Every structure is written in structure tokens, then in C-alpha cells.
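These notes concern the structure reproduced below.
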Amino acid sequence: MASIWDPPFMEAYKNLLEKKEDMRNNNEVVVVEECELPVIDLSLLEASEEVAREECKSQIARASEEWGFFQVVKHGISGDILKRLRWQQEKAFKEPFDVKAKEDNFSAGAYRWGSPTATCIKQLSWSEAFHIPLTDIIGSNNIPSNTLRSTMEQFASRVSRLADRIAEILAEKMGDKSSFMKENCLPDTCYLRLNRYPACPVRCGHEINGLITHTDSDFLTILYQDHEVGGLQLVKDGKWIAVKPNPEALIVNIGDLFQAYSNGLYKSVQHRVVANPTSERFSTAYFFCPSNDTVIDSCRKPSLYRKFNFREYRQQVRDDVRTLGSKIGLPRFLVTHHYHQP
């Protein structure tokens, strides 16, 4: 039974939920196992031995090439901040739905839920979120301590430095000596997203996604995920892998922009969150993004992708979601191939 703070999924998507859809097809990959992503100890970046520092950097690059996802421990963000963020995030989502929907505590439109353009179950995300530009929370004056906004500011300032460091290492390992990332990915162009995945008791002959299959449109995403309730899955070698939660780690994944900038060296892989039938799940994602005018041009030649700016990319994603119900992404921007809708 839905609570007063849950969005009205059953009511809004009644027609979709009543459809008898067969989600299986010949191209559908299946979950084969739960596994732990590569785990990288970032404290080794401060080791006195150069060999240890370089090996840590190589692990980051290797995981980005082979998995597109990895976990980092000893990352410099205290357990106290993470615990407070989770507690205050949960409190914010437990406001009545009508309050959340009408009285954003952040920029207009920050609160989102479901999938307004969904035309079938596989396009439906059973989740709600606050999608917040860092400009809303960093440097704000007179923020009371021990509030969600103050804790987000503490988290954002630390995770921003972490993203800078990882991006710098990845650029270095692919031979890019420019200051492109430092100049274009600034706090005022990045985002935080607070996610809640309510329990979903509905079963239409298949699982319902808390977040539909997608790739991220940024350079990097850093995720603080629920350590008690799993659900994050990614594609590896043509199979869905269920990510085993690690209470000590943050998850890092490569986004579309880094795949394009690295000319396909680093992989932006498909992932999703599967809704849990009995338990809610929370996560916080940091998106490492450039300004809308930033031009993405592969720094390794010959380029697989044509030049594009971030605004153009985001607009194409929005257009595809609106007309097709899902994102196409980088295949739209290949130099030698024209994407045809299947």
C-alpha cells in the first residue's frame, strides 16, 4: 500500500501496468551473477613510493577501459557526512507528496518522479528525485548547520575535488596533457541528484525498473548508494551484472562525454536500477559536467565522433526521450555511421 509520501505511480501509470507485455526478446540480456566491482584504494595516490602511486592510477584507467565502473575506498569523504546525508535525504523524501511536488526547496523543477514520456513498462522508472545544480547549494549564505542543504554542501565540495582528481588521472593515462577538464568542469556546471526508489509490489510478469536502462551524459558520475538494498546493475560482456553493495565504497562510472573525449578508450556502459518489491532504496549521485557551450572533440585521432557541444548533446537526448521514450546517446554522433531507429 502506497504511503502519503509516495508519488501516485499506480494511478498515473495504470494503463501501462495493466498491459500484458512480454519483455523478453532475443536481444534481452539476463542477470547472471552478483559481483563486486573493481575496488581501488585511493590512499595509494599519496604513497611515498612512485610505483604505488602509478599502479593506483593504472588501476583507475584499466577499470574505466574494461568495466566503465569501479569502486573507490579511502576516498576522503567521511562516514559522518555520508550518514548525515542519508538521514537528511530520507527525511526530505518523507514529506507528503503534495508538499514535495508543489514546494521545491531548490530550483524550480528540481523535484521529479516517474517517466512522463513512458509508453510501455520498460520505459517506466519507479523512482523520485531532487536534481539540483551545485549553484543552488555551494556558497549559499546563512545555511543553518545540520540541515540537508548544509550537508549537501559539505558532500559536494569534497566529491568535486574527488572528481577533479579522477578526471585528471584518466586524462593523464590517455596522454592528454591539456587542462581541458580543469577549465571546463567547474562546480557551477555540475549537479547532485538525490534518489529514492520506493518499494514496488507490482509484477507484470517481469521486474519493473527503479531507473530505466541508460548511460550517463556527463564525464563522470560518483555515486553514494544504499548499502543495505541492492538493485544497481550494469552490462559487462553482454550480460547484466548485479552490483554487490560495499559499505566502504563510492561507485565511479564513466559517462558519454568521457567516452567521446577519449575516442572510445573509456567506456560509458548501460546500467539500471531494479525496483525492490518490499524495500525502498536511496542513493546520491554527483554528475561531473562541463558548461553547455563546451565543445567535445576526441583528443585521440582519427575521431570516432564528430565535434559537438554539451548543449547540443543534451538537447538530442531530450528529443529522443520525448519522441522514442528512451535515450539513444553517442550513436547519434558517430562520424562514419548514421543512426537508424530500429
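No lab work stands behind these numbers, since they all come straight from the coordinates. What you see is a predicted model; the values in this text were computed from it and never measured. Note: ideal-geometry Cβ built from the backbone for every residue, glycine included; neighbour counts use all protein chains shown.
Details
- Any strands (runs of 3 or more DSSP E) falling wholly within segment 104-204 and containing at least 1 residues that are under 24 Å from Gln225 (Cβ atoms), within 20 Å of the chain's Cα centre (by Cα) and polar (S, T, N, Q): 191-197
- Residues of segment 67-86 that are in a helix (DSSP H, G or I) and surrounded by fewer than 14 Cβ atoms within 10 Å (Cβ to Cβ): Gly79, Asp80, Lys83.
- The residue of segment 146-187 that is surrounded by the fewest Cβ atoms within 10 Å (Cβ to Cβ), among those that are of a type in the set (Lys, Arg) and touching a Gly at 6+ places or on another chain (Cβ under 8 Å), is Arg161.
- The one condition from (1) acidic (Asp, Glu); (2) more than 15 Å from the chain's Cα centre (by Cα); (3) part of a loop (DSSP other than H, G, I, E, B) that Asp218 does not meet is (2).
- Condition met for Ser283 (surrounded by fewer than 19 Cβ atoms within 10 Å (Cβ to Cβ), among the small types (Gly, Ala, Ser) and either touching a residue at least 12 places away in the same chain (Cβ under 8 Å) or part of a helix (DSSP H, G or I) (or both)): no
- Here segment 108-125 is the region considered, the condition is being among the hydroxyl-bearing types (Ser, Thr, Tyr) and out of contact with any strand residue (DSSP E or B) (no Cβ under 6 Å at 6 or more places or on another chain), and the residue that is surrounded by the most Cβ atoms within 10 Å (Cβ to Cβ) is Ser115.
- Checking Ile296 against (1) of a type in the set (A, V, I, L, M, F, W, C); (2) surrounded by 19 or more Cβ atoms within 10 Å (Cβ to Cβ); (3) in contact (Cβ under 8 Å) with a residue 40 or more places away in the chain, the condition it does not meet: (3)
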